[in-house]
Amino acid sequence: MFKVDFMRLAEKIPQTFLRYKFIDTLLEKMIPFNKGLGLRVTNISDDYIEIESKKGSRRKNHLGGVHACALALMGEYPAGLFLAKNFPPDKYRLILGELKIQYHKQVRNKVIARSERPPALPKNIEEEAWIYMETKLFNSKREPVATCQTKWQIKKWDLIQP
């Protein structure tokens, strides 16, 4: 259980490169499963979050391309970051409830994943809510390689039974 508003901490770092490096390093420690996949934040705004993963052997499938599960993780990751930015983890629990991914094209090199603000993003959650996110994944030429849809439960920590 990690109840720290790491996105607000990161905002205090004036240099963009160092801010993103802080988030990458912290999340790699918090989520050991992601280690070695080369996930890096490349852009954070109020409207979207973008990450990338460069070519690496830990994400390969038997054909030498990016494994389907690595692409699914890249679909979930920026969506979760976007929600953590808007619903601080020290106040809210974010749980992935559903993940659907549609693969369009094989990818062998860099993958870019972009999650944008959903149309129905609540400003405040009193108890709990379900939020749908969509992440689009691209290759280095910005050609679509996959589309990932996620459904997240956002719930206040103080409503969770011990």
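Read-outs throughout are calculated quantities, based only on the coordinates presented, and are distinct from any laboratory measurement. If you're wondering where the values come from, they're calculated on a predicted model, not measured in any experiment. As a convention, Cβ positions derive from the backbone with ideal geometry for all residues, glycine included, and neighbour counts pool all protein chains shown.
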Between the modelled labels at Phe17 and Tyr103 (7 Å from Cα along Cα→Cβ) the distance in nm is 3.6
Pairs of lysine residues in region 103-162 - Cα separation under 16 Å, sequence separation of 8 or more or cross-chain:
7
When Phe17, Phe82 are ordered from fewest to most other Cβ atoms inside 10 Å of their Cβ, what list results?
Phe17, Phe82
Within region 97-145: Cβ-based charge dipole about Cα centre, in debye rounded to nearest 20 (Lys, Arg +1; Asp, Glu -1):
640
Using the number of other C-beta atoms within 10 angstrom as an exposure proxy, rank Cys69, Cys148 with the fewest first.
Cys69, Cys148
Listing Met30, Met133, Met7, Met74 from the residue with the fewest other Cβ atoms within 10 Å to the one with the most, what is the order?
Met30, Met7, Met133, Met74
Selected from Ile112, Ile31, Ile51 as most flexible by GNM, with the chain as the system and alpha-carbon contacts under 10 Å
Ile31
How big is region 6-159 on each of its three principal axes, counting only the C-alpha atoms and giving the largest first in Å?
47, 33, 26
